[in-house]
Amino acid sequence: MQATSRALAWARATPREQVVARFEQIVQRRKRNENAEPLKYWHSTGVASLDGRLSDREFQVWIDWLVRDGQLARGQLEAKDLYTNEFHAGGAS
């Protein structure tokens, strides 16, 4: 996960145009049947924490929404049961 933390820091500190260009290079180099077109809409990594660790707060937003929408019963899911930081450098927290 150290590489993920460094990649997140790079994407935050690098001008958007450079990040998108790098992503386009990666897609092109992989030579898979991937569509790079959506990259033109990229604006951020979408990762809330600086180092990539997940937290209850990020999941609770969606649990609350699903409860309000009637798709989950209150208390049916707990955020802590939906993710792990076990494989993150430094272990779970």
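Answer yes or no: is there a residue in the range 8-17 that is assigned to a helix (DSSP H, G or I) and closer than 17 Å to residue 88 by Cβ. Yes - at least one qualifying residue is present in the range 8-17. Scanning the range 53-75 for residues that are under 30 Å from residue 9 (Cα atoms) and charged (D, E, K, R) yields a total of 5. Residues of the range 19-69 that are among the basic types (Lys, Arg) and part of a helix (DSSP H, G or I): 22, 29, 30, 40, 57, 68. On inspection, residue 16 fails the criterion of being closer than 27 Å to residue 87 by Cα and either of a type outside the set (A, V, I, L, M) or at pLDDT 95 or above (or both). Could you grab the pairs with beta carbons closer than 7 Å, sequence gap of 6+ or different chains, first residue in the range 48-76 and surrounded by 13 or more Cβ atoms within 10 Å (Cβ to Cβ), second one of a type in the set (Phe, Trp, Tyr)? Matching pairs, first to second residue: 54/83; 59/83. Counting only residues that are more than 17 Å from the chain's Cα centre (by Cα), assigned to a loop (DSSP other than H, G, I, E, B) and modelled with pLDDT of 95 or more, the range 76-92 holds 3 of them.
The values are calculated or read from the model by the stated rules, or taken from the named source; none is laboratory data. Since the structure is predicted, the reported quantities are computational estimates derived from the model, not experimental observations. Here the Cβ is made from the backbone with ideal geometry for all residues, glycine too, and neighbour counts use every protein chain on show.
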